[in-house]
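The structure appears below as structure tokens.
The values are calculated or read from the model by the stated rules, or taken from the named source; none is laboratory data. Predicted model, so just to flag it, every value in this text is computed and none were measured. Using ideal geometry, Cβ is built from the backbone for each residue, glycine included, and neighbour counts are taken over all protein chains shown. Each accessible area value is taken on the protein alone, full model and side chains, heavy atoms only, with ligands, DNA and RNA left out. Shrake-Rupley method; radii C 1.70, N 1.55, O 1.52, S 1.80 Å.
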Amino acid sequence: QLQLVESGGGLVQPGGSLRLSCAGSEFALEDYRITWFRQAPGKEREGVSCISRWEIKHSATLKGRFTITRDNVKNTVYLQMINLQPDDTAVYYCAAVQDSRCLSWESAASYINWGQGTQVTVSS
């Protein structure tokens, strides 16, 4: 079974940047739809960005601040986040399902594999 491990979270000041990593084991991530979700206290889990073999999608609410990429050699998907704001504070999860497209990517129920999450806190 595909294992996912997130890293890269932490405390950052407003306007700062972070890069999250989602490392996969056993199977090639390029054969999966990989999506970053986030969940803030008291809020529902929301889709942030998706990458698959053929597509990349981002939440419209991000206004271009986040970029998702994949390194096939390292078998890792990254989420580069810039101009972070306090509303970005959440636990960030990566999730995977075998799919070559990002159709219906924001539906958390469609994913089979999840990482343990990494905390991102934006505060001065």
Residue-wise, which Karplus ³J(HN,Hα) couplings in Hz belong to the stretch 28-39, taking 6.51 cos²θ - 1.76 cosθ + 1.60, θ = phi - 60°, and x for glycine or proline?
-> 6, 5, 5, 8, 10, 7, 10, 10, 8, 10, 9, 9
Nearest 0.05, what FRET efficiency do residue 119 and residue 25 give at R0 = 22 Å with Cβ-Cβ as r?
-> 0.50
In sequence order, what are the phi-derived ³J(HN,Hα) couplings for the stretch 52-65 according to the Karplus relation 6.51 cos²θ - 1.76 cosθ + 1.60 with θ = phi - 60°, rounded to whole Hz, with x for glycine and proline?
-> 9, 4, 10, 9, 9, 9, 10, 5, 5, 6, 6, 6, x, 7
How about the stretch 1-100: which chymotrypsin sites (Phe, Trp or Tyr not before Pro) there are in a DSSP loop, with at most 15 other Cβ atoms within 10 Å of their Cβ?
-> 27, 54
Suppose R0 equals 30 Å; then what is the FRET efficiency for residue 55 and residue 11 from their Cβ-Cβ distance, rounded to the nearest 0.05?
-> 0.40
Under a straight-distance cross-link criterion of Cα-Cα below 29 Å, which lysines are reachable from residue 43, leaving out those fewer than 8 residues away in the same chain?
-> 57, 63
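Could you give the accessible area per residue of the stretch 83-124, probe 1.4 Å, as a whole number in Å²?
So the stretch 83-124 comes to 49 Å² accessible per residue, rounded to a whole number.
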Express the relative contact order of the stretch 53-105 as a whole percentage, based on alpha carbon pairs under 8 Å and six or more residues apart in sequence.
-> 39 percent
Of the residues 42, 64, 24, which exhibits the maximal mean-square fluctuation in a Gaussian network model of the chain defined by a 10 Å Cα contact cut-off?
-> 42
Just how large is the dipole of the chain about the Cα centre, in debye to the nearest 20, putting +1 at every Lys and Arg Cβ and -1 at every Asp and Glu Cβ?
-> 220 debye
In the stretch 59-97, what trypsin sites (Lys or Arg not before Pro) fall in a loop by DSSP, with at most 12 other Cβ atoms inside 10 Å?
-> 63, 74
Residue-normalised accessible area of the stretch 1-63, expressed per residue, 1.4 Å probe, Å² = 54 Å²
Projected label distance in nm at residue 75 and residue 103, using a 7 Å step from Cα toward the beta-carbon = 2.8 nm
